[in-house]
Amino acid sequence: METMIRLGLLLLPIAGGTAVAGQNNTPAEMMACPGGATLTTECMTEAQYDELLAAVRGHLESLPETCTASNCPQADWAGCVLRMAGHDFMDFANGQGGSDACTDMSDPDNGGLPACLSSGEHGISLVEVYQNYCATVSLADFLVIAAEAVMMSTRARHLAQASSAPALDLKSSFRFGRTTALSCAFAEGRLPNPERGCTAVEETFVDSMGLTWTEAAALMAVHTLGRAQVSNSGYHGWWSDPENSRRFNNDYFVSLLAKGWVPERAISGNAAKNQWERSDVGRDTSFDGHEMMLNTDMCLVYSEPGPDGGPVLADVHDCCGWLTAQTIAGAVASNGGEYCGGQPPEPRQERQRCCGPQQGDCGRRDDPRGPAAQAVLNFAADETAWLEAFTRAWTKAVENGQTNLKSLGDCSAAPTSSTFTSGSPSNTATTSAEPDVSDTATTSTTPDAVTTQSTSGETHVQDKVSSFGVASFQHAKQDTLAIQGVTQDWYTANMSPATAGLATSLFRRLGLAQSAPADLSLNVLETHCGDALAASELLPLPCVASYTACDFSEGMLSCAEERLGGRGKCVVGDSTALPFESASFDRYVSNLGCCCTSDLTAKLSEARRVLKPGGLAAMSMRIAEQEGDTSFALTARTLKPFGYPPQPDREGLRIGLDLELLRERLRAAGFEDVSAWRSWVSVPLQTLDDFMQWNLGQPPVRKFLDGLNEEQREQALAALRGAAVKPLAEGAVQIGVAVVSGRAGSAP
Ligand code: HEM
């Protein structure tokens, strides 16, 4: 497949560099973007940053919770994503490189990274998220945000256990506007070689990236997450115990200090790979539970034997890296009082406890002299100090080499857009130099947006269940499930703004953007359109000849009509029996419309029928029981002991749990090039009051509570308040969703 960049109206093949078209040498070539990826993000609001963060977090947290020495999927995936961002920015030197999404993926030092980027680690990869945003967010910005998302997620996991620990705030310092580089031949050989210890740390972090030694040490705590695998790097083991390897905390420093370390040479028989292994009595002697440090970690604290020695190297020095309990009192306290695998013994027994038979100390046991020793001692004792230094270091690292970065929401200037197309269907490839208005059209999911749009106060009689399990409005002909008391304003004020971002991403996935060629002249149908918020903010688009909004609810359609103001046609209709001729549309969108339909097969075959052959569809559906869902599923679980009615057992509410089955159902309906993935919709909330309003705003919940006696109602409300811990720690309720796309085949 030819690789192109598009600059204004010019279409240029990539020349030079290590990027060879079709060989996937750079992340940009691996992360295919169906409609063409923008090279520079022109605008990003706080809400859009939050949405991206939630989408990556959702992906990570969709992996099983299991974490043993042999299997800890969330640690692996988080580690890979964070390492990718690190490898991206560690090639910065002399004004070149940095967080530009470019690194030579054929370099053995990048071994293992393609898995979480695109080929799938534990079955998921970043490209599945990126494809929803690639039209407007540069890969360079996306890789930084993805790394921030895994750090935030794994920090939240830590905070759930250590509630008084300080929070991590990377959003305040985040700035967007990085440009994706499509080739970076200069990066070859720039990644630090662990064997070279602090010489490599100094060259990369201090000399090239401009960090202080304290900041370099703070940054190295990223190694708390994930592990080393022989198949990737030649090294083997965890920097910490497996459970801590999926928590973003200061355990890296605690590990360095409160455990003993001895050289381990020729890992897996490879003389070029030498590391340090844990030597104290608390070590796990199994292959899977192996703990290790690299020279580049150890040298921060420990020195070669003898007075005032240089940094330690595993293949050169025979010594044990350890410190007396008194010297590292702060680290021992952070380690729950544990020192070299147990309670601190008599001082004269400490060495034996930490080092076993290994002779010689790596430097002074009570006065470590490594170039960042004091910082490591401080960070092991004080997480606040570490997080402050880390945030400083991270911000420098991800901003090196970038000019024109802007704070979230600063969307004033609109530079000329350029896009990059690689490895994916390109009938929607873009050529426009115009800014994409869809950048500003994404619905805000800030608390403000959720609370300010309630205007109608109108109450309707319901006779249908919408995608969120709440009833929709009058005049439905099928799917009847009588739940009374749903107000239209609740939907427009809460669900619609929270989910419009997902709807926008479906439109974008179908190439419906300002930058798409105007001569495409597409007829677009949206079913389950609700109030058509996303479409009303996207339209008009040069590539769209007509837009038809269809819903079974006249109430919602009248909202849609008002919002669209003549930019689309509103038609009452059931998505399982659409009132349209066959082959009358080029694009079909249905946001959260598959979940509660009574007949998923009919819905899918109707979608195929009304599309012309070759037309594209994108649909999403809620997943009622997705692990980690803190929205409807949490409410239902919490109220179940009080008799809260179960969700209607609809296939569409569960099918997202089995993506292969979902893909199969689309193929059976006549779609080709089918893809399906899981994601999350976040509804931000900051206070307990927000959380209660979220719950009470759901008419079935309110109605159910109204039916309880006073005592039961108080208990049920107390239970709901008790369920707020996770959503509040995350600052949002998370709605698990599945997304699917496909191309209509020739035979309906
Ligand atoms: C002197 C600098 C560094 C050296 C020598 C180094 C070296 C390594 C090595 C050898 C591995 C094992 C990879 C594998 O086998 O999968 C690794 C893993 C990792 N590195 Fe680094 N690294 C450095 C800096 C960084 C930075 C700056 C970051 C991120 C900001 C980072 C993040 C990670 C993460 C998260 C892992 C775990 C990967 C996983 O679990 O898949 N490293 N590093």
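Calculated [222 nm] ellipticity per residue, helices only, for the chain: -9000 deg cm²/dmol; basis is -39500 (n - 2.57) per DSSP H run with n ≥ 4, divided by all residues, nearest 500. Taking the chain as the region of interest, the number of lysine pairs whose Cα atoms are within less than 26 Å, with members eight or more places apart or on different chains, is 19. Cβ-Cβ distance of S231 and Q161, R₀ of 30 Å, FRET efficiency by 1/(1 + (r/R0)^6): the value works out to about 0.45. Using only the C-alpha atoms, the convex hull of the range 211-399 corresponds to 114 Å³ per residue. When you restrict to C-alpha pairs under 8 Å that are six or more residues apart and normalise by the size of the chain, the relative contact order lands at 14 percent. Among residues other than D100 whose Cβ falls under 12 Å from its Cβ, what is the net charge (Lys/Arg +1, Asp/Glu -1)? So the surrounding residues net to -3. The range 619-672 to the range 687-702: how many Å between their Cα centroids? Rounded to whole Å, the Cα centres lie 21 Å apart. Over all pairs of different C-alpha atoms, the range 316-397 has a mean inverse distance whose reciprocal, the Kirkwood radius, equals 14.0 Å.
If you take the Cα centroid of the range 158-208 and the Cα centroid of the range 266-302, the two points sit 22 Å apart. Ranked by the mean number of other Cβ atoms within 10 Å of their residues, highest first, the peptides 346-355, 264-273 come out as 346-355, 264-273. The fraction of accessible area contributed by carbon and sulfur in the range 497-573 is 46 percent, rounded to a whole number (1.4 Å probe; ligands and nucleic acids excluded). Here the range 337-351 and the range 559-603 have alpha carbon centers that stand 69 Å from each other.
What you get for the range 211-399, charging only the Cβ of Lys and Arg (+1) and of Asp and Glu (-1), is a dipole of about 160 debye around the Cα centre. With each label modelled as a point 7 angstrom along the Cα→C-beta vector, the D284-D367 pair spans 3.8 nm.
Counting only alpha carbon atoms, the long axis of helix 659-668 and the longest principal axis of the chain meet at about 30°. Near K612, once Lys and Arg are set to +1 and Asp and Glu to -1 for all other residues with Cβ below 13 Å from its Cβ, the sum equals +2. Roughly how many percent of the accessible protein surface of the range 211-399 is carbon and sulfur, given a 1.4 Å probe and a whole-percent answer? Ligands and nucleic acids excluded, carbon and sulfur give 47 percent.
Take the Cα pairs of the range 519-627, get the Kirkwood Rh, then feed it into Stokes-Einstein at 25 °C and 0.890 mPa s and tell me D in µm²/s. Show your work: numbers first, answer last.
On the way: Rh = 14.0 Å.
Roughly 175 µm²/s, to the nearest whole number.
Packing, taken as the mean count of other beta carbons within 10 Å per residue, orders the peptides 704-714, 631-641, 233-243, 557-567 from highest to lowest as 233-243, 631-641, 557-567, 704-714. Computed from Cα atoms, the angle from the helix 73-89 axis to the main principal axis of the chain rounds to 80 degrees.
The Stokes-Einstein estimate for the range 666-748, based on a Kirkwood radius over Cα pairs and taken at 10 °C with 1.306 mPa s viscosity, is a diffusion coefficient of 101 µm²/s. With all projection directions averaged, the alpha carbon convex hull of the range 221-297 covers 4.8 nm².
With q set to 0.16, 0.24 Å⁻¹, the log10 of I(q)/I(0) for the range 631-700, from the Debye formula over equal scatterers at the Cα positions, is -0.77, -1.10. Relative to the compact-globule estimate of 2.2 N^0.38 Å, the Cα radius of gyration of the chain comes out at 1.01.
Accessible surface computed residue by residue for the range 211-399, with neighbouring protein chains in place and a 1.4 Å probe, gives 36 Å² per residue. Relative to the dominant Cα principal axis of the chain, helix 139-161 is inclined by about 80°.
The values are calculated or read from the model by the stated rules, or taken from the named source; none is laboratory data. Since the structure is predicted, the reported quantities are computational estimates derived from the model, not experimental observations. Positions of Cβ are backbone-derived with ideal geometry, glycine not excepted, and every protein chain shown enters the neighbour counts. SASA here: full protein model, heavy atoms, side chains in, ligands and nucleic acids out. Shrake-Rupley method; radii C 1.70, N 1.55, O 1.52, S 1.80 Å.
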